[in-house]
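Below you'll find the structure, written out as structure tokens, and then a few comments.
The values are calculated or read from the model by the stated rules, or taken from the named source; none is laboratory data. What you see is a predicted model, and the numbers here were worked out from it, not measured in a lab. Here the Cβ positions follow ideal geometry from the backbone for every residue, glycine too, while neighbour counts run over all protein chains shown. Protein only, heavy atoms only, side chains kept; ligands, DNA and RNA dropped before computing areas. Shrake-Rupley method; radii C 1.70, N 1.55, O 1.52, S 1.80 Å.
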Amino acid sequence: MAAEVIPAKIRVASRRRRIFLENFEAYLFLAPALILIGLFQVVPGIAAFVMSLTRWGVIYERWAWFENYAAILDPSGARFGEFVNALGVTVWYVLLTVPIEMAIALIVAFVLYQGTRGRGAYRVVYFMPYITSVVAAATIFEWMFDANFGFLNYVIGLVGVGSQAWLREPRGIFQMIGSAFGAGLPDSFAGPSLSLVAVSIFTIWHFIGFQTVIFLAGLTNISRELYEAARIDGARERQILRRITLPLLSPTLFFVGIIATVGAMRSFSQIYVLTNGGPLDTTRTVPLLIFHTFFERTAVNGIGLGAAMSFIFVLIIIAITLFQFRVLGRRVFYD
Amino acid sequence: MTRTSAVPTSRSRPLNLGKIGPSLAKHALLILGAAVAAFPFYWMITTSFKEFGEAAKSPPVLWPTSWHLENWVEAWQYPHTLWANAFANTIFIATMTTLGELTTSVLAGYAFARMRFRGRGVLFALLLATLFIPTEATIIPNFVLMSRRYLGWYDTYTAQIVPFLVSIFSIFLLRQFFLGLPQELHDAARIDGAGHLRFLWSIGLPLVRPALVTVSLLTFLNAWNAFLWPLIITSRPEIRPIQVMLVQFTTEGGSRYHLLMAGAAFVILPTLVVYLIAQRYFIEGIARTGIRG
């Protein structure tokens with residue numbers, strides 16, 4: 001009734017006013033988060049590209065267009081070699097960590113999911129490495145990998161393998177295994193260095209718990225009725241695993257695969273603390289190379305080159321992620 | 001990863017792989033795995049109490065013959081290390097970061113879940129997209145941004161706190177929880193004349209307390225473990241956090257591993273204790289959001 005008394009013009013104005021106030025209040029709630037994200041993530045993200053187009057060491061020198069990119073991607077230049085080496089190391093690092101992490105985590109999650117006694121306690125222990133600081137945990141592993149008194153040399157000694165230099169060993173593992181059996185392999189088939197393998201062992205130890213927890217959550221999401229129905233229809237356990245569990249878990253597998261790959265490519269702290277890219281650059285992944293370029297060569301265009309490298313690297317990561325989406329994504333089953 | 005539900009309570013076996021291997025083998029496998037996961041911690045603690053000669057003995061001594069508590073004192077008072085200072089710094093930085101991030105993500109999470117405004121969908125999608133801006137690309141510009149020419153925050157606490165006062169993961173997690181509150185509650189509060197802020201403070205927050213605990217713990221943990229950014233953005237030892245201090249300590253300590261392990265224990269033990277007390281919040285939080293530290 002009262003509404004009819006108020007002239008239409010005022011009604012519209014008050015409605016507009018109310019909507020404006022509602023919007024205003026909402027943006028007020030969002031402002032702190034949006035300003036911070038803009039200032040420290042969006043603007044720097046754009047700035048990274050701009051910086052990669054300059055010569056910039058200790059101070060800004062000049063605009064350089066694509067000179068830095070050309071310097072990195074020119075096969076005859078000095079930068080090309082180190083960048084390609086770093087990419088190769090990064091690929092090995094991904095291959096040495098992601099599949100093994102996922103396989104072990106999947107088995108552990110399967111076993112835990114079956115209503116094992118003390119599941120909670122196991123879960124707590126498996127997850128422990130993940131919450132530990134990478135720097136401190138790497139310090140422990142440095143000690144366990146010690147060439148003279150390390151615990152790992154003792155363990156492999158028990159099965160008759162001689163002491164290794166682990167983190168200080170630049171030789172490729174294929175070459176080392178080959179020479180143990182009297183077969184000399186050429187350098188191009190040397191494989192990743194033992195040092196990189198040691199770093200990978202640490203990485204696997206550190207991240208297994210994370211993946212186990214995610215897989216466990218994924219398994220818990222699968223409806224129990226499906227299993228019961230399959231069993232009533234006389235399906236065997238192996239068939240249930242193949243036809244029900246794995247397809248329904250595939251979104252989780254896919255998610256973990258992508259996160260783990262990107263995470264491994266971007267790893268920095270553990271490599272920095274364990275080897276800092278050595279010995280002989282055999283553990284220098286791209287993030288380490290960017291860091292070294294940026295800090296050790298600040299005087300000679302470190303910022304420009306570092307920014308260009310990080311931009312190329314980002315494009316490579318995006319390309320690999322898209323590739324994973326295209327090739328693996330099709331095999332993912334969404335319910 | 002938002003569809004996660006709690007761990008099932010019933011003992012029924014939805015996937016009976018157990019028939020492939022008997023229960024004993026299963027437990028043997030799990031115990032072996034747990035031993036591998038836990039051994040480095042054991043090795044850290046026992047080494048830290050060994051005598052120098054015993055720490056570097058071959059074959060290794062699994063249980064110290066005598067316990068040298070003074071190793072911890074020696075590590076704590078090692079020349080050029082400012083452990084007490086570093087701890088104070090880390091606790092200060094982590095506390096401020098946690099309080100700030102909690103505030104920004106509660107407000108933003110609530111707005112995305114419960115307020116109607118123009119551009120909500122677009123803004124939320126944009127927020128998602130920023131997750132793809134990687135640290136490698138932003139770290140150099142951020143470093144430049146901190147320099148005297150722009151913000152002038154190089155070598156300050158501010159530089160170690162302010163960039164971390166927001167987390168998209170926390171916003172998501174809280175939004176999820178606010179969406180879970182019944183609409184009737186909201187309507188009732190509005191009829192009684194409560195505005196958004198009032199509703200949030202006296203009804204919303206108490207109801208999403210588990211999410212607040214999870215966000216606080218994970219934020220605090222991340223701040224406690226922060227390494228790369230403080231390493232490059234600080235140079236004065238007095239304002240550096242424990243992780244950077246630990247690296248400096250290990251560099252100076254050389255191969256005196258009994259002391260290095262004491263240093264690692266300083267850094268690890270507080271988080272381990274908190275984790276063991278509140279492990280449920282950590283694990284559920286990770287399972288819900290898929291945060292990879």
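Some points to look at:
- Summary value for chain B: 31 percent relative contact order, contacts being C-alpha pairs under 8 angstrom separated by 6+ residues.
- The slack between B:R190 and B:F124, meaning 0.36 nm per residue of separation minus the straight C-alpha distance, is 21.2 nm.
- Long-range Cα-Cα pairs in the protein assembly as shown (distance over 34 Å), rounded percent: 50
- FRET efficiency estimate (nearest 0.05) - Cβ-Cβ, B:F87 to B:I203, R0 41 angstrom: 0.60
- Largest mean-square fluctuation among A:A217, A:A47, A:A198, in a Gaussian network model of chain A whose springs join Cα atoms under 10 Å apart, belongs to A:A47.
- Cut-off of 10 Å, at most 14 other beta carbons, DSSP loop: longest stretch of chain B lacking such chymotrypsin sites (Phe, Trp or Tyr not before Pro): B:151-293
- Dimensions (Å) - chain A, Cα atoms, principal axes, largest first: 100, 74, 36
- Shown for the protein assembly as shown: the carbon plus sulfur share of the solvent-accessible area, taken with all protein chains present and a 1.4 angstrom probe, equals 66%.
- Averaged over its residues, the protein assembly as shown has an accessible area of 47 Å² per residue, based on protein heavy atoms and a 1.4 Å probe.
- Distance (nanometres) between label positions extended 7 Å along Cα→Cβ at A:D233 and A:S76: 6.6
- Modelled spin labels at A:R168 and A:K9, positioned 7 Å past Cα toward Cβ, are 8.9 nm from each other.
- Normalising the Debye intensity of the stretch A:1-129 to I(0), with uniform scatterers on Cα atoms only, and taking log10 at q = 0.10, 0.12 Å⁻¹ returns -0.81, -0.88.
- Of the DSSP H helices in chain B, those that are both long (alpha-carbon extent of 18 Å or more along the helix axis) and hydrophobic (Kyte-Doolittle mean at least -0.5) are B:23-48, B:83-114, B:209-225, B:257-277.
- Working value for the stretch B:242-293: equivalent-ellipsoid semi-axes of 30, 13, 7 Å, each the square root of 5 times a Cα gyration tensor eigenvalue, largest first.
- Candidates per trypsin sites (Lys or Arg not before Pro) in the stretch B:218-293, loop by DSSP, up to 15 other Cβ within 10 Å: none
- Here each label is just a point 7 Å from Cα along the line to Cβ, and for B:R236 and B:E70 those points are 3.6 nm apart.
- In the stretch A:152-261, the chymotrypsin sites (Phe, Trp or Tyr not before Pro) that fall in loop regions by DSSP, at most 14 other Cβ within 10 Å: A:F181
- Coil-residue trypsin sites (Lys or Arg not before Pro) of the stretch A:157-246, DSSP, other Cβ within 10 Å capped at 15: A:R236
- Values of log10 I(q)/I(0), in the order q = 0.15, 0.20, 0.24, 0.25 Å⁻¹, for the stretch B:23-68 under a Debye, Cα-only, solvent-free model: -0.49, -0.67, -0.79, -0.83
- Most fluctuating residue given options B:G53, B:G204, B:G263, as computed from a GNM of chain B linking Cα atoms under 10 Å: B:G53
- Total buried accessible area between B and A, probe 1.4 Å, nearest 100: 9300 Å².
- Taking every alpha-carbon pair in the stretch B:83-289 and binning the separations at 5 Å intervals from zero gives 1, 6, 12, 15, 16, 15, 13, 9, 6, 4, 2, 1, 0, 0 percent.
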